[in-house]
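The values are calculated or read from the model by the stated rules, or taken from the named source; none is laboratory data. It should be emphasised that the depicted structure is a prediction, and the values quoted were computed from it without experimental measurement. So basically every Cβ, Gly included, is an ideal-geometry build from the backbone, and we count neighbours across all protein chains shown. Ligands, DNA and RNA are stripped out before the accessible areas are found, and what is left, the full protein with its side chains, is counted by its heavy atoms. Shrake-Rupley method; radii C 1.70, N 1.55, O 1.52, S 1.80 Å.
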Amino acid sequence: MSDAWFTLRWQDGAVVMLDQRRLPAEETYLTLTSVEEVACAIEDLAVRGAPAIGCAAALGMALAARESRAHSGTELHADLASAAERLARTRPTAVNLFWALGRMRSVADRVCSGDDVEAARGELLAEAENLVEQDVAVCRALGDAGVEIVCDGARVLTHCNAGALATAGWGTALGVVRSAVAAGRRVEVLADETRPFLQGARLTAWELARDRIPVTVITDNMAGHLMARGEVDLVVVGADRIAANGDVANKIGTYPVALLAREHGIPFYVAAPLSTIDLDTADGSEIPIEERGSAEVTHLAGQALIPEGVPVRHPAFDVTPARLVSGIVTERGIARAPYAETLRSLFTPG
Ligand code: MRU
């Protein structure tokens with residue numbers, strides 16, 4: 001993967017992130033110095049994608065510790081609790097957000113028991129940077145685990161952006177593609193444009209083109225036609241939350257792709273780290289689905305697409321039932337049905 005850009009990192013006491021709203025036209029980095037700015041960046045999709053949202057939240061907590069004027073561990077703990085509450089209110093679907101906040105809060109519980117506030121700040125930053133670093137390693141491991149599903153010459157359809165931009169690096173669905181390419185397989189990616197925010201057209205196409213991995217963008221309504229003509233060999237998508245029974249919440253439009261894949265006998269895989277699997281959520285009906293504002297549907301680049309006053313809907317995610325999923329590629333290998341058993345066993349290896 002190209003080292004010329006990065007999704008997000010801690011730099012000189014601030015959270016620095018590529019502003020994904022401006023891609024592909026501009027590569028602009030935001031320098032965020034407060035928790036509120038990080039929360040707004042997550043809400044406005046400057047940073048997006050489940051693992052990247054988790055990383056941003058962790059770095060946001062390190063920033064909260066730095067911002068805090070606390071003189072005691074108890075005061076710092078209270079400031080961190082309110083920062084975590086603010087960050088938790090940003091987006092409801094990606095469970096990685098809550099997983100990352102949980103990790104940061106456990107460190108806070110431990111390091112705020114004394115009154116060395118400066119040492120506590122250092123430990124919180126170390127944990128956040130560790131979480132970001134681990135995210136890249138985990139994506140590489142799951143990418144490598146997924147190479148076996150990609151045959152040489154595969155034409156792989158993906159939806160949304162589950163790439164390096166959606167993680168701290170390498171990606172999940174696109175991590176599988178990158179690992180397959182690194183293993184010498186020839187791969188062509190078909191990227192659904194992904195209405196309404198166009199993560200496929202703007203982001204997947206951008207990062208694959210940067211890596212010189214062949215990519216062709218299609219509008220979301222073209223997938224069935226191409227599948228029917230035998231032009232898709234495999235579907236790999238990411239996930240925002242995977243329930244204990246294997247139901248998968250991912251970007252709106254994933255479910256119809258899974259249905260099409262089933263109709264045409266095409267394998268449909270989900271690539272996600274263990275931090276996206278939520279064993280506390282029994283099935284997809286319990287996954288909170290974010291409803292975003294209407295402007296992303298009614299307007300495109302500032303241009304109205306829909307007559308004024310006509311209502312629109314904007315659920316940002318849908319749920320693909322486990323029965324349509326051929327396998328879930330994780331850093332601990334590929335889980336297959338029955339997911340209620342295989343997903344749980346991933347958490348207790350050996
Ligand atoms: O609304 P977004 O852009 O945050 O949605 C992102 C997705 O749906 C991704 O497919 C998912 O988070 C997987 S990212 C590796």
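Taking first residues from region 109-121 that are over 12 Å from Ala62 (Cα atoms) and partners that are in a loop (DSSP other than H, G, I, E, B) and open to solvent by less than 90 Å² (accessible area, probe 1.4 Å), the Cβ contacts under 6 Å between residues at least 6 apart in sequence or on separate chains come to Asp115/Ser72; Val117/Ala70. Return the residues of region 65-86 that are free of Cβ contacts under 8 Å to residues at least 40 places away in the same chain and open to solvent by less than 10 Å² (accessible area, probe 1.4 Å); say none if nothing qualifies. Selection gives Ala84 alone. For region 13-54, residues that are open to solvent by 50 Å² or more (accessible area, probe 1.4 Å), within 15 Å of the ligand (Cβ to nearest atom) and under 21 Å from Pro92 (Cβ atoms) total 3.
For region 268-293, which residues satisfy the criterion of being open to solvent by 40 Å² or more (accessible area, probe 1.4 Å) and touching a helix residue (DSSP H, G or I) at 6+ places or on another chain (Cβ under 7 Å)? Residue satisfying the conditions is Leu279 alone.
Applying the condition of being among the hydroxyl-bearing types (Ser, Thr, Tyr) and under 24 Å from Gly224 (Cα atoms) to region 148-181 and asking which residue is farthest from the ligand (Cβ to nearest atom) yields Thr158. Tell me, which strands (runs of 3 or more DSSP E) wholly within region 134-242 include 2 or more residues that are open to solvent by less than 10 Å² (accessible area, probe 1.4 Å) and under 30 Å from Pro338 (Cα atoms)? Passing ranges, in order: 154-158, 187-192, 234-237. Being buried (at least 16 other Cβ atoms within 10 Å of the Cβ) and either in contact with a strand residue (DSSP E or B) (Cβ under 9 Å, 6 or more places away or on another chain) or not hydrophobic (A, V, I, L, M, F, W, C) (or both) is the filter here; which residues of region 297-313 pass it? Of everything in region 297-313, just one residue is buried (at least 16 other Cβ atoms within 10 Å of the Cβ) and either in contact with a strand residue (DSSP E or B) (Cβ under 9 Å, 6 or more places away or on another chain) or not hydrophobic (A, V, I, L, M, F, W, C) (or both), namely Thr298. Glu85 meets each of the listed conditions (1) among the acidic types (Asp, Glu); (2) within 16 Å of the ligand (Cβ to nearest atom); (3) under 25 Å from Ile289 (Cβ atoms) apart from (2). Taking region 247-350 as the region of interest, the strands (runs of 3 or more DSSP E) fully inside it that hold 1 or more residues being within 14 Å of the ligand (Cβ to nearest atom) are 248-251, 268-271, 317-320, 327-330.
Scoring Ala57 on the criteria (1) surrounded by fewer than 24 Cβ atoms within 10 Å (Cβ to Cβ); (2) touching a residue at least 12 places away in the same chain (Cβ under 8 Å) leaves a single failure, condition (1).
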